[in-house]
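Chemist: If you scroll down you'll find the structure; I have some questions about it.
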Amino acid sequence: MPEKLENFSRLCIHTITTKPWTLEECVRGYEAAGVSGITVWRQVLEPYESVSEAGQQLQDSGLEVVSLCRGGFFPAETAGGRRKAIDDNRRAIEESHAIGSPLIVLVCGAVPGIPLGEAREQIADGIAAVLPEAQAAGVRLSIEPLHPMYADSRSAVNTLRQANDIVEKLDHPNLGATVDVYHLWWDPDLESEIGRAGSKIFSFHVCDWRTPTRDLLNDRGLMGEGCIDIRQIRDWVETAGFDGFVEVEIFSNEYWATDPAEFVEKIKKAYLEHC
Ligand code: ZN
């Protein structure tokens with residue numbers, strides 16, 4: 001795949017990766033670096049009075065908006081809590097539409113004390129409730145399975161198999177799954193589940209797994225710093241038909257303390273060498 005390695009036409013960066021930057025700084029910084037895509041985390045939209053103002057900024061840039069992060073967090077102890085979650089996902093759909101993002105990534109949610117199977121049912125119900133609005137807005141929803149270390153409070157969907165089960169059950173053109181190498185690299189069924197997902201793979205996230213991992217949330221590695229065979233997983237998703245962006249999503253207290261522009265250059269180098 002030499003033509004892919006020569007340029008950054010499929011390189012996307014998540015705004016959370018350069019957390020010290022505002023959205024405007026991300027847009028300018030990524031553009032200046034020759035990065036092609038941007039995934040917008042909802043936090044960077046908060047300073048704006050109207051989301052469409054942020055959307056204008058993005059549309060005026062040369063960047064392609066790849067997705068909005070994130071919707072989800074559907075399970076709750078009470079029916080009122082679950083309704084609130086659905087409302088928040090409706091807002092996310094409006095925001096996604098307003099910034100020209102065709103996709104929302106779903107971190108599906110979990111609540112300590114709610115059995116995981118029950119939580120997955122609540123997740124499927126929540127997604128089903130908002131899919132008609134997503135379709136009307138021209139926005140796709142993508143279930144991102146999270147590593148099982150987050151099964152207590154962030155996601156009851158921990159394998160691509162579980163995501164595929166929900167995608168197949170709801171069987172909707174606007175619903176698919178995200179493969180994030182950080183969450184799924186260890187799974188012995190990954191290759192076969194990627195094949196099963198096929199055209200339902202809506203997005204692909206990369207970073208690396210550090211040894212030791214010093215923080216459960218914010219110690220992700222730059223590609224090449226850890227033990228994940230990113231090229232192998234990329235090959236599997238592309239064999240399954242995925243031809244979208246390679247999205248760099250790195251939560252890292254260590255890198256957030258450094259200069260974001262320099263970090264973007266490191267990302268470009270690591271992308272060429274390891275993705
Ligand atoms: Zn991800």
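Values in this text are rule-based calculations from the coordinates and carry no lab data. Worth saying up front: this structure is predicted, and the values here are computed from it rather than measured. So basically every Cβ, Gly included, is an ideal-geometry build from the backbone, and we count neighbours across all protein chains shown.
Chemist: Filter region 140-152 down to residues that are among the hydrophobic types (A, V, I, L, M, F, W, C) and over 16 Å from residue 86 (Cα atoms) and give me whichever is surrounded by the most Cβ atoms within 10 Å (Cβ to Cβ).
Modeler: Among those that are among the hydrophobic types (A, V, I, L, M, F, W, C) and over 16 Å from residue 86 (Cα atoms), it is 146.
Chemist: Moving on to the next point. Go through 137, 119 for me and flag whichever is away from the ligand (no atom under 16 Å from the Cβ), closer than 18 Å to residue 86 by Cα and touching a His at 6+ places or on another chain (Cβ under 9 Å).
Modeler: 137
Chemist: Shifting gears a bit: Which number in (1) surrounded by fewer than 13 Cβ atoms within 10 Å (Cβ to Cβ); (2) within 16 Å of the ligand (Cβ to nearest atom); (3) in a helix (DSSP H, G or I) marks the one condition that residue 265 misses?
Modeler: All conditions are met except number (2).
Chemist: When the residues of region 244-262 are filtered to those that are outside any helix (DSSP H, G or I) and either more than 20 Å from the chain's Cα centre (by Cα) or free of Cβ contacts under 8 Å to residues at least 24 places away in the same chain (or both), which remaining residue is surrounded by the fewest Cβ atoms within 10 Å (Cβ to Cβ)?
Modeler: If we take residues in region 244-262 being outside any helix (DSSP H, G or I) and either more than 20 Å from the chain's Cα centre (by Cα) or free of Cβ contacts under 8 Å to residues at least 24 places away in the same chain (or both), then 257 is surrounded by the fewest Cβ atoms within 10 Å (Cβ to Cβ).
Chemist: While we're here: Filter region 215-237 for residues that are closer than 27 Å to residue 200 by Cβ, under 17 Å from the mean Cα position of the chain (by Cα) and not in a loop (DSSP other than H, G, I, E, B) and give the result.
Modeler: 230, 233, 234, 237 - these are the residues of region 215-237 that are closer than 27 Å to residue 200 by Cβ, under 17 Å from the mean Cα position of the chain (by Cα) and not in a loop (DSSP other than H, G, I, E, B).
Chemist: Identify, by number, the condition in (1) among the aliphatic types (A, V, I, L, M); (2) in contact with a helix residue (DSSP H, G or I) (Cβ under 6 Å, 6 or more places away or on another chain); (3) assigned to a strand (DSSP E or B) that residue 76 doesn't meet.
Modeler: (3)
Chemist: Among the residues of region 115-154, write down those that are in contact (Cβ under 8 Å) with a residue 40 or more places away in the chain and part of a loop (DSSP other than H, G, I, E, B).
Modeler: 137, 138, 139, 144, 151, 152, 153, 154
Chemist: Here's something else I'd like to know. Residue 17 - would you say it is within 16 Å of residue 101 (Cα to Cα), touching a strand residue (DSSP E or B) at 6+ places or on another chain (Cβ under 9 Å), of a type outside the set (Phe, Trp, Tyr) and within 15 Å of the ligand (Cβ to nearest atom)?
Modeler: Spelling it out, it is not the case that residue 17 is within 16 Å of residue 101 (Cα to Cα), touching a strand residue (DSSP E or B) at 6+ places or on another chain (Cβ under 9 Å), of a type outside the set (Phe, Trp, Tyr) and within 15 Å of the ligand (Cβ to nearest atom).
Chemist: Taking region 184-193, which residues are more than 19 Å from residue 156 (Cα to Cα) and of a type outside the set (Asp, Glu)?
Modeler: 192
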